[in-house]
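Asks: Sending over a structure as structure tokens; questions will come in a sec.
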Amino acid sequence: MTRRILFILLASTAVSTSALFTSQTTHAASPISAMLYKNPSCTCCEGYAQYLEKNGFKVTVKPTNDLAEISQKAGVPENLEGCHTMFVGGYVVDGHVPVEFIRKLLAEEPAIAGITLPGMPSGSPGMTGSKTETWTIYAVTKDGKPPKVFATV
């Protein structure tokens, strides 16, 4: 093998390897679209939307005075309602659910209406303070079946 042929082979390998790595790194995942309904006077919901935006979501925030009705129509029982109600990927996500559990929901696509983290737990995404307790995230259905534990954090 001559030096010239060796050089051509090495150069072509470097170019094709470079093109391979460039194509993989330049295509960023497109953001996940979500619609978040919140009480007009609630500020922690804005913090939650910002948290989601930093984690690859495109969140549209819509103030409403009908939050409880929206949650209940989506399948979230009154005693498990969170601070806001979000719709993403055909599911309802109620409350300050950490992003890894939303991603799990979207990846696994279970046959449920969605998930909820009831109340406004201290230290949860969008909330101030430190985490002081275990959080239970529930899976809810629209058919009235009892909620099941989706995850504990």
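Each value in this text was obtained by applying a stated rule to the coordinates, not by laboratory testing. Fair warning: this is a prediction, and the values are worked out from it, not measured in the lab. Note: ideal-geometry Cβ built from the backbone for every residue, glycine included; neighbour counts use all protein chains shown.
Asks: Within a Cβ distance under 9 Å of K38, other residues only, what is the Lys/Arg minus Asp/Glu net charge?
Replies: Summing Lys and Arg as +1 and Asp and Glu as -1 gives 0.
Asks: Right, another one. Hey, any idea what Rg/Rh is for the range 32-152, computing Rh the Kirkwood way over Cα pairs?
Replies: With Rg and the Kirkwood Rh in hand, the quotient comes to 0.92.
Asks: If amide hydrogens are placed 1.01 Å from N in the peptide plane, which non-local residues have theirs closer than 5 Å to the one on I32?
Replies: Result for I32 returns F57, K58.
Asks: Further question on the same structure: Highest mean first, how do 34-40, 55-61 rank when packing is the count of other Cβ atoms within 10 Å averaged over residues?
Replies: Working: 34-40: 17.3, 55-61: 15.3.
For the peptides 34-40, 55-61, the packing ranking is 34-40, 55-61.
Asks: So which lysines pass the test for K131, namely a Cα distance under 27 Å, with those fewer than 8 places away in the same chain ruled out?
Replies: Straight-distance partners of K131: K38, K54, K58, K104, K148.
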